[in-house]
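K.L.:
Encoded as structure tokens, here's the structure I'll be asking about.
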Amino acid sequence: MTRERTTLASALHGGPDEAGAARHDFSTNGNAAGSCPAVLAALRTADAAHYPDPGYTSLRRALAVFHGVAAERIVIAASASEFIHRISAAFAQGDGLEVCLPAHSYGDYERAASAWGLQVLRNSEPRGGAALRWCCEPSSPLGQAEGGLALHAEAGSTCVLDMAYEPLRLEGRASLDMAQRNRVWQLWTPNKAMGLTGIRAAYAIAPDDTAAGPLMQGLEQLAPSWPLGTHGVALLETWVGDEAQAWLAQSLHTLRAWKAQQRAVCESLGWQCLPSDANFFCARTDAPYPQLSAALRAEGIKLRDCASFGLPGHVRLGVLQPQSQEALKEAWTRAALSAEH
């Protein structure tokens, strides 16, 4: 399978639309327990009157200490999507040929590959050329373990592990130990875990391998000046601190309870909920979501249709608080009854 799935639909994301932010927005996967108070305090005192250090020296050092790696391995990025496009460009410029994707995955992997003329292989092995492999665990949209991840880490190819939802893991265990993680690129986007998706900030950790040098050099050459503003720096610096990590750990207890309640609500509607280790899950609905989406949106409800992920008939739901869950149940019941008449 190559580019046939590369359509405008692959650019879809959850979150606000032309009508603004939905009152009960299940379509995104940020931390529904709220915004981290420590990060909010740091944002209020951030010095937006001046540029940050263009080399992000202090930030790189803090991130490196947090992860137990050398600071030279840290790559600062404006967002996960910016890094996805930048590493795809660097890989293509370095004579890369193919990109390997899971059966279901975030659309920007494929969009970036196609933009740079890379052959897209979904759920299949490389055909012999230099390949860039994308993995995500917990996976998106399913929130599950990534099949064969340990083998990919040992294969010696260029593998990027998207860690967007690892800080929001509610169940299960990571497939890779620290030694195995050091063999792949790691992409971290803490804004979801900190409940502040409006702050765009990310970073990657390069493999502990001299073979990663040319790609690292390509990433540096393609980087814009100051990919992060002062507010992005404040978020990343604070996220690695004890206060933010303690708040995150406490929020995970809340999210686990809410997730169990939300699954029960969905099952009461006749939906088939799929297993997930993260703060979201997919479900096959009892009625097609696209037919009800306008009526639901009018009541402040938004879900993430999974057709663009290759899962037609399913929706993805970020875990929200019980009041939003009840609003979903009531609105869905009304919309489904109205559609029947």
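The values are calculated or read from the model by the stated rules, or taken from the named source; none is laboratory data. Here the structure is a predicted model, which is why all the values come from computation and not from measurement. Every residue, glycine among them, receives a Cβ derived from its backbone with ideal geometry; neighbour counts consider all protein chains shown.
K.L.:
Could you give every pair whose Cβ atoms fall below 6 Å, whose first residue belongs to segment 275-300 and is at positive phi, and whose second residue is surrounded by fewer than 17 Cβ atoms within 10 Å (Cβ to Cβ) and not aliphatic (A, V, I, L, M), counting only separations of at least 6 or pairs across chains?
P.N.:
Close Cβ pairs (under 6 Å, with a partner that is surrounded by fewer than 17 Cβ atoms within 10 Å (Cβ to Cβ) and not aliphatic (A, V, I, L, M)) amount to GLY300/ARG23.
K.L.:
Go through segment 90-123 and give me each residue that's over 23 Å from CYS306 (Cα atoms) and crowded, with 20+ Cβ neighbours inside 10 Å.
P.N.:
Just the residues of segment 90-123 that are over 23 Å from CYS306 (Cα atoms), to begin with: 90-98, 116-119.
Listed by number, the residues that qualify are ALA90, PHE91, ALA92, GLY96, GLU98, LEU118.
K.L.:
Same structure, new question: Hey, HIS314 hits all of (1) within 16 Å of the chain's Cα centre (by Cα); (2) crowded, with 22+ Cβ neighbours inside 10 Å but one; which does it fall short on?
P.N.:
For HIS314, the exception is condition (1).
K.L.:
Among (1) under 24 Å from SER105 (Cα atoms); (2) touching a strand residue (DSSP E or B) at 6+ places or on another chain (Cβ under 7 Å), there is one condition GLY300 misses while meeting the rest; what is its number?
P.N.:
Here GLY300 meets the rest and fails (1).
K.L.:
Moving on. Answer yes or no: is there a residue in segment 254-273 that is part of a strand (DSSP E or B) and not aromatic (Phe, Trp, Tyr). Walk me through it before giving the result.
P.N.:
Looking only at segment 254-273, we keep the residues that are part of a strand (DSSP E or B), and these are 272-273.
Next, only the ones that are not aromatic (Phe, Trp, Tyr) stay: 272-273.
So far as segment 254-273 goes, yes, one or more of its residues are part of a strand (DSSP E or B) and not aromatic (Phe, Trp, Tyr).
K.L.:
Further question on the same structure: Looking at (1) at pLDDT 90 or above; (2) more than 25 Å from CYS136 (Cβ to Cβ), can you tell me which one GLU18 breaks?
P.N.:
So the condition that GLU18 fails would be (1).
K.L.:
Return the total of residues in segment 146-173 being surrounded by fewer than 15 Cβ atoms within 10 Å (Cβ to Cβ) and farther than 20 Å from ALA131 by Cα.
P.N.:
Looking only at that region, the number is 2.
K.L.:
Taking the criterion of being touching a residue at least 12 places away in the same chain (Cβ under 8 Å) and in a helix (DSSP H, G or I), would at least one residue in segment 119-136 satisfy it?
P.N.:
Going through segment 119-136, the residues touching a residue at least 12 places away in the same chain (Cβ under 8 Å) turn out to be 119-127, 129-136.
Subset that is in a helix (DSSP H, G or I): none.
Looking for residues that are touching a residue at least 12 places away in the same chain (Cβ under 8 Å) and in a helix (DSSP H, G or I), one finds none in segment 119-136, hence no.
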